[in-house]
1. Condition first: in contact with a Phe, Trp or Tyr (Cβ under 6 Å, 6 or more places away or on another chain) and on the phi < 0 side of the Ramachandran plot. Can you find one or more residues in region 125-137 that meet it?
2. Taking the stated definitions as given, is residue 177 at pLDDT below 90 and within 30 Å of residue 155 (Cα to Cα)?
3. Taking residue 145 and the conditions (1) surrounded by 15 or more Cβ atoms within 10 Å (Cβ to Cβ); (2) closer than 30 Å to residue 69 by Cβ; (3) among the acidic types (Asp, Glu); (4) under 32 Å from the mean Cα position of the chain (by Cα), which numbered condition does it fall short on, given that it satisfies the others?
4. Quick one: how many residues across region 170-213 are in a loop (DSSP other than H, G, I, E, B) and touching a Pro at 6+ places or on another chain (Cβ under 9 Å)?
5. Can you tell me which residues in region 63-83 are polar (S, T, N, Q) and exposed (fewer than 15 other Cβ atoms within 10 Å of the Cβ)?
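The values are calculated or read from the model by the stated rules, or taken from the named source; none is laboratory data. Predicted model only: the values in this text are computed from it and were never measured. Note that we place each Cβ from the backbone using ideal geometry, even for glycine, and neighbour counts take in every protein chain shown.
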Amino acid sequence: MSLSRDISYQSLYWCLGSSIISGLFYYGYYRRSSFMNILKNVKVFQINNDLIAELNNSNDCTLPYSAVIGIVESESKTIRGCYNTAVDGVVQNILLKEHKTEWNSFTKEWIDKVRILSTKQHVEPFSLVDKSDVKVHVCDVLKAENLKLSTIYDLYEPSPSSITQGVIDFVAGDRVRGMETVEEMLLIGTKLVGVGQIVLTDGKHISLKCPSQPGLRYILSSDSISDLIEVEKHAGSIYKGFSIFFALISITFMSYWLYKWYRLYKIENSYNTLMYENTVENACSVCLYQPRSVVILPCGHVCSCKSCTEQLSLCPICRTVIERYVPIYNS
């Protein structure tokens, strides 16, 4: 009897899969938690001469990972809104979205979907300023995270409909409801928090750029540092919850597999013990190895195997002279 033939490894495979998923979510929690602790220790500077003094006293006139708070100001020309010409900014994003409804054959219902057909981005150089004359030039704007643009234009145009087109869309299971044009901008005068590497060049030009150290994120946000910390904390809690959930699933499958393995182990052990006991009780009294396979006559004892009986003249039990023996067969 073999455990490898009788036990199913399906539970073990589910356990392995759940463990991998749990590990991935834990990695996400670890990254969020680590970055949250980094944000808690980030030093925040106002944009003034104190920032220049801090940079002059630092190694290579660089602050590896710090934050500044300032107001958006264009360095050259501004971007005028395409659809809303009353506003100016330094970052523009124009989106063309398609709103459609698709038939889901699995859930047997129509599902609304939005697909971005095109996007256009335009960036002009800008700086963060405060009340002083000191400016911080912002580099690599499109690489920054958490940058929220203000929506200055949003127009939805429904698609023309007809009975014929409606029938065609129903048969095809795909119906376009309309098109939406959205224009977003980073407006002049917006208050931003910039978190990244701060560098001083030529003793007076300050730049905010992507941090060079791995694991550090470049952030431009209208939220405060405390709000950013709360966002990371909330995201970390979600990752942690899913990690614990899949870990419990993994433990459940592992426990079930171990239970089945232990139960089959006990059955196999009992079976082997029974077979051993039967073998010992039925063993030849002479060689103690071969099973008893003959009846000795005339005494009628069953106590030896055929090989040993052929070499005996007396019964091993009663010492009666063996006249003949008859083979027996165990079923």
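1. Scanning region 125-137, I find no residue that is in contact with a Phe, Trp or Tyr (Cβ under 6 Å, 6 or more places away or on another chain) and on the phi < 0 side of the Ramachandran plot, so the answer is no.
2. Working: at pLDDT below 90: yes; within 30 Å of residue 155 (Cα to Cα): yes.
So residue 177 passes the test.
3. Here residue 145 clears every test but (1).
4. Residues meeting the conditions: 3.
5. Pass one, region 63-83, residues polar (S, T, N, Q): 66, 74, 76, 78.
The one that is polar (S, T, N, Q) and exposed (fewer than 15 other Cβ atoms within 10 Å of the Cβ): 76.
Okay, residues lined up against (1) more than 30 Å from residue 72 (Cβ to Cβ); (2) not charged (D, E, K, R):
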| residue | (1), (2) |
| --- | --- |
| 227 | no, no |
| 232 | no, no |
| 239 | yes, yes |
| 251 | yes, yes |
| 258 | yes, yes |
| 261 | yes, yes |
| 282 | yes, yes |
| 292 | yes, no |
| 297 | yes, yes |
